[in-house]
Amino acid sequence: ADFLVLNGPNLNRLGSRETSVYGSQSLADINTRLQTVAGELGHGIDFFQSNAEHALIERLHQAADQDVDCLIFNPAAFTHTSIALRDAVLAGELAMIEVHLSNPASREAFRHRSYFSDIAIGTICGLGAFGYECALLAADKRFG
Ligand code: DQA
């Protein structure tokens, strides 16, 4: 199957950004691990991170045209704000697993609403970088 790992704003700063909340692994570390696991399982996997909402929307349109089987998507702060990204997922009829490193439910109230949880297959949060790997294994189980 073909998977796309999509990361939103500020996640390019993982490894140095609020490490007590988000852990010490960089996004490159996380993606290297996912590439290895996807390779072992025989899946194609692509990676995209942007701080710009429009770039993420364009990548979602591309994913729909490329028939990506499942998104592993951490929309970061856009989780709580972006109807446009939600609409792009819906427009592309893209299956998605939502991932958050932290557990938004245990943080500020403005993080409690997600525009993605109700359209996701499932949400993995609070498990740090390992959450991405869990999402990939879940995608393998479902789309493998
Ligand atoms: C996050 C949680 C969001 O609330 C926050 O804005 C992020 C990261 C997470 O992975 O824990 O940037 O999506």
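Numbers at a glance
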| quantity | calculated |
| --- | --- |
| One residue from A95, A76, A139 being within 14 Å of the ligand (Cβ to nearest atom) and crowded, with 17+ Cβ neighbours inside 10 Å | A76 |
| Those residues of segment 15-36 which are in contact (Cβ under 8 Å) with a residue 24 or more places away in the chain, buried (at least 16 other Cβ atoms within 10 Å of the Cβ) and not polar (S, T, N, Q), in sequence order | Y22, G23, I30, R33, L34 |
| Any hit, segment 26-35, residues being more than 25 Å from G144 (Cβ to Cβ) and polar (S, T, N, Q) | yes |
| Selection status of F3, within 14 Å of the ligand (Cβ to nearest atom), buried (at least 19 other Cβ atoms within 10 Å of the Cβ), among the aromatic types (F, W, Y) and within 13 Å of the chain's Cα centre (by Cα) | no |
| Residue check for A105: surrounded by 15 or more Cβ atoms within 10 Å (Cβ to Cβ) and farther than 21 Å from N12 by Cα | no |
| Those residues of segment 116-136 which are part of a loop (DSSP other than H, G, I, E, B) and within 12 Å of the ligand (Cβ to nearest atom), in sequence order | F116, G126, L127, G128, A129 |
| Looking only at segment 6-20, and only at residues there that are assigned to a helix (DSSP H, G or I) and within 17 Å of the chain's Cα centre (by Cα), the one that is nearest to the ligand (Cβ to nearest atom) | L11 |
| The listed residue being of a type outside the set (A, V, I, L, M, F, W, C), over 12 Å from F3 (Cα atoms), modelled with pLDDT of 95 or more and assigned to a strand (DSSP E or B), out of E58, E98 | E98 |
| Pair list, Cβ < 8 Å and 6+ apart or interchain, from segment 65-89 residues that are on the phi > 0 side of the Ramachandran plot to residues that are assigned to a helix (DSSP H, G or I) | A76/L11 |
| Residue tally, condition assigned to a helix (DSSP H, G or I) and buried (at least 18 other Cβ atoms within 10 Å of the Cβ), over segment 38-52 | 1 |
| Filtered residue count, segment 79-92, keeping only those that are more than 9 Å from the ligand (Cβ to nearest atom) and touching a His at 6+ places or on another chain (Cβ under 9 Å) | 4 |
| Test: residue in segment 55-64 that is without any contact (Cβ under 8 Å) to a residue 12 or more places away in the chain and either within 16 Å of the ligand (Cβ to nearest atom) or hydrophobic (A, V, I, L, M, F, W, C) (or both) | yes |
| Subset of segment 21-30 that is farther than 22 Å from L60 by Cα and part of a helix (DSSP H, G or I) - its residue that is farthest from the ligand (Cβ to nearest atom) | D29 |
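The values are calculated or read from the model by the stated rules, or taken from the named source; none is laboratory data. What you see is a predicted model, and the numbers here were worked out from it, not measured in a lab. For neighbour counting, all protein chains shown are included, and Cβ atoms are generated from backbone atoms with ideal geometry for every residue, glycine included.
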